[in-house]
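Notes for the one structure printed next.
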Amino acid sequence: LQMELAAPESIDYMDGVAVHWYGNFFPPQILSAIQNRYPDKILLATEACEGSMPWNLQKVILGSWRRAGTYVKSILQDLNNHVVGWIDWNLCLDPIGGPNWVDNFVDSPILVYKDRDEFIKQPMFYAMGHFSKFIPRGSRRVRVSRRSVANIENVAVRKPNGNLVVVMQNRRRRPMNVEIRISSSRYIDIIMEPRSIKTIEINP
């Protein structure tokens, strides 16, 4: 970290490092490198949203499962590299992606139609639910050894109640067969549909 070089004593006053997903030009493994260097600091993803880039001419896209998939990929990569939480920048916005005082409109998991007293939940909302609903506070990530499962991102955690939760994403355009092997005598066969997200909860 540049701050460590400029002011080494500043590290003693930090509880952790906040990361954003904008300009994501570095591999997610850099997060693990930071954690290894500062094992007593937390890593927290504090800002993410779709539609923020200059080339995103359409800021809000209704029903975009591609954007939901981007959320899932980001969260999976973060969790697998020691990030302890993931925060959306704007959980609720209006249909044009505001309000914003500098017209910096972006997409949102929930869109609120104030004049109609209605709101809709976007696919990004349900994508986040694979994590917020099934991975409660106090869960611990467990190691996963993968064998020839290209393009299947996953994370596995042990919940406080002892249950095992596995969140998986198939980014391919074709179905994939996945075997979750819990022990030498216990396994689960899963078919991952094209471009799909699945969460499996397993009793001990």
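Any read-out appearing in this document is the output of simple, stated calculations on the displayed coordinates, not a laboratory observation. Predicted model, so just to flag it, every value in this text is computed and none were measured. Here the Cβ is made from the backbone with ideal geometry for all residues, glycine too, and neighbour counts use every protein chain on show.
Here are the numbers for this structure:
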{"item": "GNM top mover of 80, 163, 90 - the chain, alpha-carbon springs below 10 Å", "result": "163"}
{"item": "Estimated 222 nm signal from helices in the chain, with DSSP H stretches of n ≥ 4 weighted -39500 (n - 2.57), rounded to 500", "result": "-5500 deg cm²/dmol"}
{"item": "Sorted by Cβ neighbour density within 10 Å, fewest at the top, the residues 133, 73, 59", "result": "133, 73, 59"}
{"item": "Choice from 47, 118, 153 with maximal GNM fluctuation in the chain (Cα, 10 Å cutoff)", "result": "118"}
{"item": "25, 134, 119 arranged by Cβ crowding within 10 Å, fewest neighbours leading", "result": "25, 119, 134"}
{"item": "Share antiparallel - DSSP beta bridges, the chain, percent rounded to 5", "result": "75"}
{"item": "Contact order relative to length of the stretch 14-113, as percent, for alpha carbon pairs under 8 angstrom and 6 or more apart", "result": "31"}
{"item": "Which of 176, 14, 53 has the fewest Cβ neighbours within 10 Å, and the rest in rising order", "result": "53, 14, 176"}
{"item": "Length-normalised contact order of the chain in % [C-alpha pairs under 8 Å, at least 6 apart]", "result": "15"}
{"item": "The stretch 140-202 - charge dipole about Cα centre, Lys and Arg +1 at Cβ, Asp and Glu -1, debye rounded to 20", "result": "240"}
{"item": "R0 of 35 Å, Cβ-Cβ distance residue 141-residue 61: FRET efficiency to nearest 0.05", "result": "0.65"}
{"item": "Which labelled figure in (i) 1.02; (ii) 1.13; (iii) 1.40 is Cα Rg over 2.2 N^0.38 Å, once derived from the coordinates", "result": "(ii)"}
{"item": "Point-charge dipole on Cβ atoms (K/R +1, D/E -1) for the chain, about Cα centre, debye to 20", "result": "1220"}
{"item": "Positive dipole terminus of the chain, leading residue within 7, 188, 43 (C-beta point charges)", "result": "188"}
{"item": "Built amide H within the under 5 Å cut-off of residue 105, gap 5+", "result": "none"}
{"item": "Directionally averaged projected area (convex hull, Cα atoms, the stretch 140-202), nm²", "result": "4.2"}
{"item": "Listed residues 69, 23, 98, most fluctuating in the chain (Gaussian network, C-alpha, under 10 Å)", "result": "23"}
{"item": "Convex hull volume of the stretch 6-112 per residue (C-alpha atoms, cubic angstrom)", "result": "136"}
